[in-house]
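The values are calculated or read from the model by the stated rules, or taken from the named source; none is laboratory data. These figures come from a predicted structure and were not determined experimentally. FYI the Cβ positions are ideal-geometry reconstructions off the backbone, even for glycines, and counts take in every protein chain you see.
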Amino acid sequence: MQVKYLWFFVPMLLAAQEEFMSHYEYGQMLYKNPRGVSCAKCHGKKGEGRVIVTYRDKKGTQSITGPDIRNENLQTMLAAVSKSHHIMPSYYLTDEEVEAIQDYLHQQNNPE
Ligand code: HEC
């Protein structure tokens, strides 16, 4: 096969692959494995938030928590994922990937 035909087939193969998974499963997969530390590690299984670590200092027991992100809107999600924070890592996810994560969290937490 001539190399130039590859340009035609590669996008088709990629498109076919995506159809194996529903949008929901895609979001679930990305939430658990977003090419970096899993969101679930700090935001809980369903985005409900969780304590990441506790420590003691002069004021007593302190904790660092990942906030509840179950009802975060898309704008906040997009901004939070790519910017740099103190604790949360920044990710290289496309807008579509972040949207899939957000849809997953919404569907998971607001079943019809
Ligand atoms: C290492 C722990 C950690 C991981 C992993 C992590 N986060 Fe966070 N996230 C946090 C913390 C802590 C905050 C609060 C802001 C801060 O201090 O960094 C936060 C803030 C957010 C916010 C903003 C919430 C608000 O109301 O301002 C969103 C949205 C968010 N994270 C989504 C995600 C998504 C989606 C992923 C996976 C792609 C992810 N986070 C991975 C710890 C984490």
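Screening segment 22-104 for helices (runs of 4 or more DSSP H) wholly inside it with 1 or more residues that are more than 6 Å from the ligand (Cβ to nearest atom) and either at pLDDT below 95 or over 14 Å from the mean Cα position of the chain (by Cα) (or both) returns the ranges 23-32, 74-82. The set of residues in segment 84-93 that are without any contact (Cβ under 8 Å) to a residue 24 or more places away in the chain and surrounded by 12 or more Cβ atoms within 10 Å (Cβ to Cβ) contains only S90. Name the residues in segment 21-72 that are within 14 Å of D103 (Cβ to Cβ), in contact with a helix residue (DSSP H, G or I) (Cβ under 8 Å, 6 or more places away or on another chain) and without any contact (Cβ under 8 Å) to a residue 12 or more places away in the chain, would you? Result: M21, single match.
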